Amino acid sequence: MLELKNVETYYGNIKALKGISLFVGDGEIITLIGANGAGKSTTLMTICGITPARIGDILFEKKSIRSLEPNRIVSLGISQVPEGRRIFPLLTVAENLDMGAFLRNDRAEIQKDLDYVFTLFPILKKRIHQQGGTLSGGEQQMLAISRALMSKPRLLLLDEPSLGLAPLAVQQIFQMIQKINSENKTTILLVEQNAFMALKVAHRGYVMENGTITLEGPAVDLLKDERIKRAYLGL
Amino acid sequence: MEYFLELLLGGLTRGSIYALIALGYTMVYGIIELINFAHGEIYMIGAFTALIIASVLTFHGFTGFSVLILASVVAVIYSAAYGYTVEKIAYKPLRQAPRLSPLISAIGMSIFLQNYVLIAQTSDFLPFPNLIPELPFLEEYSHIMGPAQLLIVITTAVVTIILTLFIKFTKTGKAMRATAQDRNMAMLMGVNVNKIISNTFIIGSALAAIGGVLIASHIGRINFYIGFIAGIKAFTAAVLGGIGSIPGAVLGGLVLGWTESFATGYVSSDYEDVFAFLLLVLILIFRPAGLLGRSAIQKV
Ligand SMILES: Nc1ncnc2c1ncn2[C@@H]1O[C@H](COP(=O)(O)OP(=O)(O)O)[C@@H](O)[C@H]1O
Ligand SMILES: [Mg+2]
């Protein structure tokens, strides 16, 4: 579904991604783990065209999306829940969700998807007329995921959805990620610092350090890998 | 009492024009955080376009309201095209540049447009025909409110209401607000941010053109420099009200209009600008974000 081939991304003269290659298959949950500053968020922003790749190629369903504008990439079915959620603080919950469906015109289907996200996160329905900025961290994360789902993505990119949440909310978010993947066949690329939880729900994983991929494999194997245990699982 | 009323309505008229222009400053600032110094020139170009169209139409025997409407429509289209083009030429290429660069580009654009009109037209004041017909029911009150003033106030009110509804309820309006709050996130929603920015310039320029036609027709003469003065005043109004805020621009315009009107009426017309800028300084000291503005912290 998604393939990155030797992608390099720069911030000015600083090379943040130093030749990343990774593959996400149809219907998979893939996790990308690594320490702070490794380049995980940059990878997601590069896929979405916000910080375009300078070298290498990005294929989505076998077609190159490397030089497309972000709005074109969204229209192909890629949606991101960015780090820090980035809810529009002065838009209401309803308006934030509307923005998720910005490129769609199928009113009846949009309503169905709205009902669907309210079954996933009933609390959002209660908050519907509240401004996004007034929600709690956990609620904002639910809204960010819901907003991304409103575009009906085939590939959902999640950037540290568990960051800053209470343990119970973390559990709930990971459950929802699995649910979204199994119920809708939505393919998921999950960036996490919480390596343990991420590897529990993922099929395969990639480990990133300093702008490169240093390790990859099935999640069950990575969970058992000594290097990972030491570096990321605190074991 | 009558004198007070006259000043009140005079200030309302003045303030309405400031508000119409201030809306363009505030909308552009809200979306790209740029003070568009060329905005006053767009207003001036609107007035000149209307003058040319009105002259042609009058020459061909058109009269009254139809001239006003046609001249306004052409002025709005022409100014909107100018606003759109200024953004594409002078600001878009500098979007990733340090913040000072587009600001300097804006000042350059303002000077360029002034001189362009100066050369293409003349430096003298040109008489602007009174396009606003007399209204019989107003005759009794003509010393405190003429038809031009009434039209200016009504037009501003209607335009502000339409703009507010547009921003609040349409898809483009929502996308504009989202872009103002978090541009990259709006892009991740599929918003074509370039288009949103263009739309903002087009709408702001159209409003300025309406202001330009109305005020030129009210005052009766224009030259290449009117945009500079009106631009500074309207910019002051936008800052007063809280730059980035649409209701703020309208409130700021009215407060400024009244301040000037009362200062002129009760003190002396020499002090008009002194009071206007004194007010600005006071508000910036006690409410740095403006009357209805949000502080930077709240915005993020
Ligand atoms: N906007 C930016 N400008 C300059 N450097 C950046 C920017 N964003 C991230 N970086 C740098 O790029 C590297 C990768 O950052 P990031 O992708 O955010 O890592 P991660 O998400 O894994 O924590 C870091 O060294 C970071 O300092
Ligand atoms: Mg990150």
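General remarks:
- Cβ-Cβ under 8 Å pairs, at least 6 apart or on other chains, region B:61-77 side over 14 Å from B:Glu134 (Cα atoms), far side hydroxyl-bearing (Ser, Thr, Tyr): B:Val67/B:Thr58; B:Ala71/B:Thr49; B:Val74/B:Thr49; B:Ala75/B:Thr49
- Residue in region A:20-39 that is within 14 Å of chain B (Cβ to nearest Cβ), of a type outside the set (Phe, Trp, Tyr) and outside any loop (DSSP other than H, G, I, E, B) present: no
- Breaking point among (1) touching a Ser or Thr at 6+ places or on another chain (Cβ under 9 Å); (2) more than 12 Å from chain B (Cβ to nearest Cβ), for A:Asp106: (1)
- Residue match in region A:129-146 (condition: within 16 Å of ligand 2 (Cβ to nearest atom), buried (at least 22 other Cβ atoms within 10 Å of the Cβ) and in a strand (DSSP E or B)): no
- Counting only helices (runs of 4 or more DSSP H) that sit wholly inside region B:106-205, those with at least 2 residues that are of a type in the set (D, E, K, R), touching a helix residue (DSSP H, G or I) at 6+ places or on another chain (Cβ under 8 Å) and within 14 Å of another protein chain (Cβ to nearest Cβ) are B:171-181.
- From the list A:Lys40, A:Lys5, A:Lys15, the lone residue that is closer than 15 Å to A:Val191 by Cα and of a type in the set (Lys, Arg) is A:Lys40.
- Residue check, A:Arg85 facing chain B (nearest Cβ under 9 Å) and farther than 25 Å from A:Asn13 by Cα: no
- Failed condition for A:Ile47, given (1) within 16 Å of ligand 1 (Cβ to nearest atom); (2) closer than 15 Å to A:Leu157 by Cα; (3) modelled with pLDDT under 95: (3)
- Residue match in region A:54-63 (condition: away from ligand 2 (no atom under 16 Å from the Cβ), over 16 Å from the mean Cα position of the chain (by Cα) and free of Cβ contacts under 8 Å to residues at least 24 places away in the same chain): yes
- Filtered residues of region A:40-51 (kept if away from every other protein chain (no Cβ under 12 Å) and either over 13 Å from A:Gln80 (Cβ atoms) or more than 10 Å from ligand 2 (Cβ to nearest atom) (or both)): A:Thr46
- In region A:68-76, the condition of being within 14 Å of another protein chain (Cβ to nearest Cβ), buried (at least 23 other Cβ atoms within 10 Å of the Cβ) and either within 16 Å of ligand 1 (Cβ to nearest atom) or farther than 17 Å from A:Pro153 by Cβ (or both) is met by at least one residue.
- Selected residue [within 16 Å of ligand 2 (Cβ to nearest atom), buried (at least 21 other Cβ atoms within 10 Å of the Cβ) and either among the charged types (D, E, K, R) or free of Cβ contacts under 8 Å to residues at least 40 places away in the same chain (or both)] from A:Glu192, A:Glu209: A:Glu192
The values are calculated or read from the model by the stated rules, or taken from the named source; none is laboratory data. Keep in mind that what you see is a predicted model, and the values were worked out from it rather than measured. Glycine also receives a Cβ, built like all others from the backbone with ideal geometry; neighbour counts cover every protein chain displayed.
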